[in-house]
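The values are calculated or read from the model by the stated rules, or taken from the named source; none is laboratory data. Keep in mind the model is a prediction, meaning the values are calculated, not measured. Positions of Cβ are backbone-derived with ideal geometry, glycine not excepted, and every protein chain shown enters the neighbour counts. All accessible areas refer to the heavy atoms of the entire protein, side chains included, with ligands and DNA or RNA removed. Shrake-Rupley method; radii C 1.70, N 1.55, O 1.52, S 1.80 Å.
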Amino acid sequence: MLARIYSCAVIGLDGVLVEVEVDTSPGLPGMVIVGLPDTAVQESRERVQSAIKNTGLAYPRKRVTVNLAPASVRKEGPAYDLPIALGVLAASDQIPSQALENSLVIGELSLDGSVRHVRGVLPMAAVAREQGMNRVFVPQSDAAEAALIPDLEVIPVASLSDLVAHLNHVCLIAPHPPTNPGDISVEVATDFSEIKGQEHVKRALEVAAAGGHNVLMVGPPGSGKTLLARALPAILPRMTIDEALDVTRIYSVADQLPQDVPLIRSRPFRSPHHTISHAGLVGGGNQPHPGEISLAHRGVLFLDELPEFGQRVLEVLRQPMEDKIVTISRANGSLTFPANFMLVGAMNPCPCGYWNDPVRACTCSPGTVIKYQKRISGPLLDRIDIHIQVPRVEFEKLSDRRAGEPSECIRERVEAARAIQRERFNRSDSIRCNADMRPAEVRKFCPLDETCTRLMRAAMNQMELSARAFHRTLKLARTIADLADSSQITPQHLAEALQYRPAFTL
């Protein structure tokens with residue numbers, strides 16, 4: 001007898017519908033799985049057989065053939081355990097096959113029949129809705145995530161025995177209520193009011209948040225660079241529902257969605273260690289998976305001790321920083337992941353960390369300082385809009401009991417500037433903030449009057465700015481003008497933008 005169950009595969013960040021065909025025929029007992037399965041799928045034979053027996057159901061003493069179609073799509077992971085088990089039971093007349101019509105089934109089985117969490121539930125549920133299905137059976141722990149998709153009945157499955165009782169109308173499982181994104185709170189890890197001093201750095205981060213600009217902080221150890229970077233997500237604009245779903249889809253596929261958090265509402269903050277590999281940063285593998293730059297999509301990628309990262313690792317950031325996507329090519333095809341992140345780097349000015357420090361003497365030779373700073377290439381530095389010095393904090397400011405300006409107040413100004421930018425770019429899908437502007441938009445939205453033109457000409461000659469640095473300075477000036485609610489770029493706005501160009505020797 002033949003039974004058909006629908007499941008789903010995840011390719012990149014998108015789901016692909018998979019038809020699980022199970023056929024039982026006379027012959028030596030055993031199961032054969034075909035359709036380009038990986039090792040985890042092949043191991044489903046033992047898990048399915050043990051789960052069916054330990055649930056008190058009868059495993060057919062026949063030859064069982066399982067086909068996962070289409071055969072051209074590689075199947076990986078244990079999410080096919082539950083649909084295969086249901087196909088076996090339907091083919092042996094233990095459950096009615098018509099009960100699974102127009103339904104999608106995903107889940108990993110334990111040997112005792114309980115259903116475990118699987119990754120990628122959100123894109124799988126989205127595919128079910130796109131294909132016109134009205135019901136999905138998912139692990140109980142993943143039901144809230146699947147319930148983010150509207151107009152879809154989500155059945156939370158705790159065990160195989162519960163699902164069989166449901167399909168046989170013995171004991172029905174109540175559908176999971178739709179997940180309301182507005183009920184999920186936004187967490188703030190570090191507030192700007194907790195940071196003492198460094199007012200000019202806070203201003204630079206406010207400008208960066210308002211326009212989506214990249215930042216590099218340079219200063220001695222203990223000056224607060226890491227603390228400032230961790231506070232940055234709190235002043236970024238709140239994520240829209242579409243942005244939150246975008247980020248959640250990535251985390252679901254990467255299996256990094258926090259437990260009991262069906263939807264990520266806080267801006268991502270990723271801080272990989274400098275020993276990270278090339279594939280770990282940009283993504284990769286035989287079947288490519290998202291890397292840190294994709295996990296930082298719509299948020300912040302913080303690289304502490306920037307010169308300690310491998311040069312090859314840093315250089316691969318150049319293309320994603322420009323294009324906001326990363327494409328990973330393999331022999332069997334290529335996949336594109338989103339990578340629209342704010343890069344925040346932090347570094348010491350020299351190996352000992354005290355070059356040009358007014359209190360503590362530097363023990364590094366001039367050659368050592370230059371060699372250390374040159375670990376970061378010029379092309380990468382050219383793609384960073386804001387270079388800011390972070391000096392040591394004086395005792396008077398550290399001991400001051402007065403709280404600083406809270407992140408909420410700064411975020412209101414940032415959101416006001418972003419609202420101006422949304423209105424400016426309302427006809428563009430690819431440009432969301434000033435940092436995304438291309439040369440054509442810079443020419444249109446960043447005109448300079450005669451005074452600003454003279455100032456920019458002098459800066460180009462004295463600071464030896466490249467064409468890219470010229471355009472990035474204008475973008476930065478446009479953001480500063482937006483924060484001041486000014487329709488025109490004034491010399492004051494341009495002067496502040498120019499002071500954020502690198503001032504230390506490289």
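Applying the selection to the stretch 379-404, what residues are touching a residue at least 24 places away in the same chain (Cβ under 8 Å) and not in a loop (DSSP other than H, G, I, E, B)?
If the condition is that a residue be touching a residue at least 24 places away in the same chain (Cβ under 8 Å) and not in a loop (DSSP other than H, G, I, E, B), then 379, 380, 381, 382, 386, 387, 388, 389, 397, 398 are the ones that fit.
On the basis of being touching a Leu at 6+ places or on another chain (Cβ under 7 Å), free of Cβ contacts under 8 Å to residues at least 60 places away in the same chain and on the phi > 0 side of the Ramachandran plot, does residue 27 make the cut?
No.
Which of the residues that make up the stretch 93-127 are in contact with a Ser or Thr (Cβ under 7 Å, 6 or more places away or on another chain), open to solvent by 10 Å² or more (accessible area, probe 1.4 Å) and in contact (Cβ under 8 Å) with a residue 40 or more places away in the chain?
Selection gives 111, 114, 115, 119.
Output the qualifying pairs, or none if there are none: Cβ atoms under 6 angstrom, residues six or more apart or on different chains, first residue in the stretch 261-274 and in contact (Cβ under 8 Å) with a residue 24 or more places away in the chain, second residue open to solvent by 50 Å² or more (accessible area, probe 1.4 Å).
Here the result reads 265/186; 266/186; 266/187; 274/305; 274/308, each pair linking the stretch 261-274 to a residue that is open to solvent by 50 Å² or more (accessible area, probe 1.4 Å).
Quick one: which helices (runs of 4 or more DSSP H) sit completely within the stretch 427-494 and have at least 2 residues that are in contact (Cβ under 8 Å) with a residue 40 or more places away in the chain?
Result: 450-463, 467-483.
Only one of (1) crowded, with 20+ Cβ neighbours inside 10 Å; (2) closer than 12 Å to residue 87 by Cα is not met by residue 18, so which one is it?
(2)
Among the residues of the stretch 209-226, which ones are over 21 Å from the mean Cα position of the chain (by Cα) and open to solvent by 10 Å² or more (accessible area, probe 1.4 Å)?
The answer is 220, 221, 222, 224, 225.
Of all residues in the stretch 239-279, count the ones that are open to solvent by 30 Å² or more (accessible area, probe 1.4 Å) and either under 16 Å from residue 320 (Cα atoms) or acidic (Asp, Glu) (or both).
7
Scan the stretch 351-370 and report the pairs whose first residue is small (Gly, Ala, Ser) and whose second residue is modelled with pLDDT of 90 or more, with Cβ atoms within less than 8 Å and a gap of 6+ or a chain change.
Final answer for the pair search is 353/220; 353/221; 361/354.
Looking at the stretch 309-364, which of its residues are of a type in the set (Gly, Ala, Ser), over 27 Å from the mean Cα position of the chain (by Cα) and either loosely packed, with under 15 Cβ neighbours inside 10 Å or closer than 21 Å to residue 286 by Cα (or both)?
361
In the stretch 47-65, what residues are outside any loop (DSSP other than H, G, I, E, B) and touching a residue at least 24 places away in the same chain (Cβ under 8 Å)?
Within the stretch 47-65, 47, 48, 50, 51, 52, 54, 63, 64, 65 qualify.
Identify the residue in the stretch 66-92 that is among the hydrophobic types (A, V, I, L, M, F, W, C) and assigned to a loop (DSSP other than H, G, I, E, B) and, among all such residues, is least open to solvent (accessible area, probe 1.4 Å).
79
Test each condition in (1) out of contact with any Cys (no Cβ under 8 Å at 6 or more places or on another chain); (2) under 21 Å from residue 131 (Cα atoms); (3) in a strand (DSSP E or B) for residue 15 and report the one that comes out false.
Among (1) out of contact with any Cys (no Cβ under 8 Å at 6 or more places or on another chain); (2) under 21 Å from residue 131 (Cα atoms); (3) in a strand (DSSP E or B), residue 15 violates only (1).
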